[in-house]
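Q: Before I ask anything, here is the structure I am working with.
The values are calculated or read from the model by the stated rules, or taken from the named source; none is laboratory data. Predicted, not measured: the structure shown is a model, and the values here were computed from it. Quick reminder, even Gly has a Cβ in these numbers, built from the backbone with ideal geometry, and neighbours come from all protein chains shown.
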Amino acid sequence: MSHSPILAQWLPQLEAEGITPPHFQSAPPPPGNAPLPPDRVRQENIRERDFRITALQPDYTGDLWVGSWIGLTRIDPNTGRINARVALPNYNIGALAEDRSGRIWVGTYQGLVRVDPRSNEVTAQNFSLPSNRVLSLLVDHRGYLWVGTDRGLVLISPDQGLRMTTLQALPGVSANALATDNEGQLWVGTLEGLVQVNTASALIMGRMSNIPGGVVQTLAKAPDGNLWVGTISHLLVVNPIDKRIVRTIREFDGRNVKSIRFAADGRVWVGTENGLYNLDGSTGAILGQIPDLPSHRVLSLSPDTGNKLWVGTSEGLAWVSQTTGLVRPHLAFVRNPPPIY
């Protein structure tokens, strides 16, 4: 039997004292490339964390709800302080909306849930939908909740938490984006243009299939009543009354438009796959582009929230001062926060 060099130098003294030296069973070392269990778990968690911010919703208290692929978080938009993290049955959030009672509705890729802001807890879930992949949410002028999925629309009574009607035979199939016009009618952005739906009867009133780019990804109603439409390759202005395209913002031809929101001053913020832009809401002229965001891929916007524009990107959350234009990432929602000096 052979001993290690360290043990061998102590053998004479051990034998003189009548102590039997220990015998260690040799074993092969662990594989060098395989991480130990704690390290392996940590690596898997890092791979699973997806920092995309897909939905932003201010509430009646002034707080901002942040929907991401790592959960639902409630923050103070004035300070950025996290007020609550809500435990959800799943994490892939696609849309947020606030109903007239102040409850937060959360559309995920695994269904719809309702959160009570007083307790920050889920109070309703497991709704019967044509698909559990929720892409858009909107509360109409009557207070009813429209739920857009990748297989049609559902109308829900928020107070009772009950499904009222389903519109599965939706031209363009997928309800990617929702907006209402000045008449209170619903407009749905689909894979094949725009569809107008009567909010009282849930019947289709009209359709615009001549939308350049075809796939509508975001909608916003302007102060003048027109609809701004973002597609995978164009930014358009549509008159909902006569269902015609009023203007095409040519600077966005070929650009993938992901989010559109109007600020209180009438200017419009447009988030694309390649940057965030500020436009004149009357003329469509580009006033500027915002640099230094966590990612150029802008997914969600919330202007005039805590005197800031909050920006959700594919790599985290940031805010833009609406007075100075200063950009700062929210360090709790970015993958690689910048160093603090």
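Q: How many residues are closer than 21 Å to residue 313 by Cβ and in contact with a strand residue (DSSP E or B) (Cβ under 7 Å, 6 or more places away or on another chain) when one looks only at the range 252-288?
A: Counting residues in the range 252-288 that are closer than 21 Å to residue 313 by Cβ and in contact with a strand residue (DSSP E or B) (Cβ under 7 Å, 6 or more places away or on another chain) gives 25.
Q: Across the range 272-309, what is the number of residues that are among the small types (Gly, Ala, Ser) and more than 21 Å from residue 245 (Cβ to Cβ)?
A: Number satisfying all stated conditions: 6.
Q: Another question, then. Which residue is nearest to residue 191 (Cα to Cα), if the candidates are limited to the range 132-165 and must be surrounded by fewer than 19 Cβ atoms within 10 Å (Cβ to Cβ) and polar (S, T, N, Q)?
A: Looking at the filtered set, the residue picked out is 132.
Every residue, every condition in (1) at pLDDT below 95; (2) under 25 Å from residue 305 (Cβ atoms); (3) touching a Gly at 6+ places or on another chain (Cβ under 8 Å), yes or no:
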{"residue": "205", "(1), (2), (3)": "no, no, no"}
{"residue": "210", "(1), (2), (3)": "yes, no, yes"}
{"residue": "227", "(1), (2), (3)": "no, yes, no"}
{"residue": "231", "(1), (2), (3)": "no, no, yes"}
{"residue": "237", "(1), (2), (3)": "no, yes, yes"}
{"residue": "247", "(1), (2), (3)": "no, no, yes"}
{"residue": "253", "(1), (2), (3)": "no, no, no"}
{"residue": "265", "(1), (2), (3)": "yes, yes, no"}
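Q: Of the conditions (1) charged (D, E, K, R); (2) closer than 11 Å to residue 104 by Cβ; (3) assigned to a loop (DSSP other than H, G, I, E, B), residue 50 satisfies every one except a single condition; which number is it?
A: With respect to (1) charged (D, E, K, R); (2) closer than 11 Å to residue 104 by Cβ; (3) assigned to a loop (DSSP other than H, G, I, E, B), residue 50 is out only on (2).
Q: Are there strands (runs of 3 or more DSSP E) fully within the range 270-317 with at least 3 residues that are within 19 Å of the chain's Cα centre (by Cα)? List them.
A: Output list reads 275-279, 298-302, 308-313.
Q: Pick from 290, 232, 249, 260: which is in contact (Cβ under 8 Å) with a residue 12 or more places away in the chain, under 30 Å from residue 205 (Cα atoms), surrounded by fewer than 20 Cβ atoms within 10 Å (Cβ to Cβ) and out of contact with any Asp or Glu (no Cβ under 7 Å at 6 or more places or on another chain)? Write out each step before concluding.
A: Values: 290 fails: under 30 Å from residue 205 (Cα atoms); 249 fails: surrounded by fewer than 20 Cβ atoms within 10 Å (Cβ to Cβ); 260 fails: surrounded by fewer than 20 Cβ atoms within 10 Å (Cβ to Cβ).
Result of the check over 290, 232, 249, 260: 232.
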